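For reference, the structure discussed in these notes is given below.
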Amino acid sequence: MLPCLIACGGHDPATQIEQAGSWAATTRELAIERGANRVGRAYTVDLLVAGRRDVEKISQSLEPSTLPESLRARAPAAVARLDTLMRQTADAVRRGDPLALGAAAASADALGDTLRALHEAMGAK
């Protein structure tokens with residue numbers, strides 16, 4: 001369903017940032033659930049890999065010229081941080097590193113807050 005939402009959202013920057021925020025929340029939950037062994041390793045990695053593909057699409061289609069000037073650097077940087085965080089989270093899952101998963105969950109939570117604030121700054125509800 002998510003790929004359709006991204007495709008259907010076209011290049012609307014508010015929708016793209018909202019989708020990135022959704023992936024930040026998903027990354028947070030996956031890190032928490034995997035850290036507590038409530039979801040499988042392969043499932044978690046597969047979902048993070050799929051999410052990174054979606055985040056890459058967002059990153060490639062997010063046109064700074066369509067963003068308010070005050071967000072032109074911040075929004076793409078936040079999406080790039082999300083991609084890095086998702087890669088690091090998948091690596092932590094592969095290593096079976098619960099401390100890194102805890103840190104990833106906290107980072108994803110903070111990044112989700114940032115993306116939510118960026119989305120609101122675009123005038124989106």
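Just so you know, all these numbers are worked out from the coordinates, no wet-lab data involved. Keep in mind that this is a model prediction, so the values were computed, not measured. Positions of Cβ are generated from backbone atoms using ideal geometry, with glycine treated the same way; all protein chains shown enter the neighbour counts.
Structure summary
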| read-out | value |
| --- | --- |
| Gaussian network model of the chain, springs between alpha carbon atoms under 10 Å - residue of Ser65, Ser107, Ser22 with greatest fluctuation | Ser65 |
| Among Glu56, Glu29, Glu69: highest mean-square fluctuation, GNM of the chain, C-alpha pairs under 10 Å | Glu69 |
| CD proxy at 222 nm, helix term only [per DSSP H run n ≥ 4: -39500 (n - 2.57); per residue of the chain; nearest 500] | -26500 deg cm²/dmol |
| Structure-derived Cα Rg over 2.2 N^0.38 Å - corresponding label in [x] 1.03; [y] 1.12; [z] 1.23 | [x] |
| Cβ-defined net charge surrounding Pro98, 14 Å radius [Lys, Arg +1; Asp, Glu -1] | +2 |
